[in-house]
Amino acid sequence: MCELIETDRLVLRRITPMDAPRITECIADPRIYRMVASITPDQSLERTQEWIATHEAGAAQDTNHIFALQKDLELVGVIGADRPGAGLAFDIGYWLAPTEWGGGLMTEAANAVKNWLKGRGERAFTSGHFADNPASGRVLKKIGFLPSGRGRVFSLGRGEASDHINMSYID
């Protein structure tokens, strides 16, 4: 099991319970929770701690790998790859603190996770973004993902279903 992925500007490491306060602080921003389907607008520190605790078993079963994006020793985002079972495609999801937007960090992190998974023999991945978040779509296109469909996805942060663009990568 990989514990660290290093890029030119980032260290991607497994999330830990000590990350819960910073994660909770970041995801309280509507620019984040509205763009991630599974985050509520009022997520508590306790809920974040519970979420972190669920990932150890997933990593051991190779169904869930969640990394903190660390820049200059500060957590600036989270990226994960999860799948419903062994042998199925990983779905890649992420968020980045708004102070870091526009600098290419998420493209760097997403490409690193994709390449880490490819190095383990994975060849197909899914992801997606809400239609009103084209920047996330650009991140995915830059690392080789292509649009593969469109639908509506319920967002806890929005409290409603919203247009969503599905994207896929096949090596």
task: Please get the size of the charge dipole for the chain, origin at its Cα centre, with Cβ charges of +1 on Lys and Arg and -1 on Asp and Glu, quoted in debye to the nearest 20.
output: 580
- line: Summing -39500 (n - 2.57) over every DSSP H run of at least 4 in the chain, dividing by its residue total and rounding to the nearest 500, the 222 nm mean residue ellipticity is -8000 deg cm²/dmol
- prompt: If you add up the charges near ALA110, with Lys and Arg at +1 and Asp and Glu at -1, over every other residue whose beta carbon is less than 13 angstrom from its beta carbon, what do you get?
  reply: +3
message: One quarter of the convex hull surface, Cα atoms only: what value does that give for the stretch 1-160 in nm²?
response: 9.0
- prompt: Over what distance in Å are the Cα centres of the stretch 97-171 and the stretch 23-72 separated?
  reply: 16
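Throughout, read-outs are computed from the coordinates displayed, never taken from laboratory work. Computed from a prediction, not measured in an experiment: that's the story for all the values here. Cβ: placed from backbone, ideal geometry, glycine included. Neighbour counts: every protein chain shown.
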